[in-house]
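The values are calculated or read from the model by the stated rules, or taken from the named source; none is laboratory data. On a predicted model such as this, the values are computed, not experimentally measured, just so you know. Counting neighbours? That spans all protein chains shown, and the Cβs are built from the backbone with ideal geometry, glycine included.
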Amino acid sequence: MNYKDSLKEKLKKFKKEDIILTNHAYEQAVFRCINIEEIKNNIANPERLQFASKQEARQNNEEKYDCYFGYSKTQCHRYVIVINSRWQHIAEKNAKL
């Protein structure tokens, strides 16, 4: 099942400052020569999001998605995004202002 549309709506509520990259994600981005700002821009402005599948999260208050952001018919970035309900609540609260 593709969660693309519902995830896009959730991600649009976040600011780039709210996005936290794990050490592993940061190291992989540097290894693959992917700009960190580009990653944050893709997440905060998910127009390139083509496919998102839901995965099992480690914590009860988290949602985890395997996401593909398309650049062409043959190239994409793959991110695993975890949304913590605490941060989601903050983003939703700020979005209403």
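Key figures for this structure:
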{"quantity": "Residue that is surrounded by the most Cβ atoms within 10 Å (Cβ to Cβ), among those in segment 21-61 that are under 22 Å from Y3 (Cβ atoms) and basic (K, R)", "calculated": "K40"}
{"quantity": "Complete set of residues in segment 2-44 that are more than 12 Å from C67 (Cα to Cα), of a type outside the set (S, T, N, Q) and in a loop (DSSP other than H, G, I, E, B)", "calculated": "K12, K13, F14, K15, I19, I20, L21, R32, C33, I34"}
{"quantity": "Set E47, E63: member being in a helix (DSSP H, G or I) and either at pLDDT below 95 or under 12 Å from the mean Cα position of the chain (by Cα) (or both)", "calculated": "E47"}
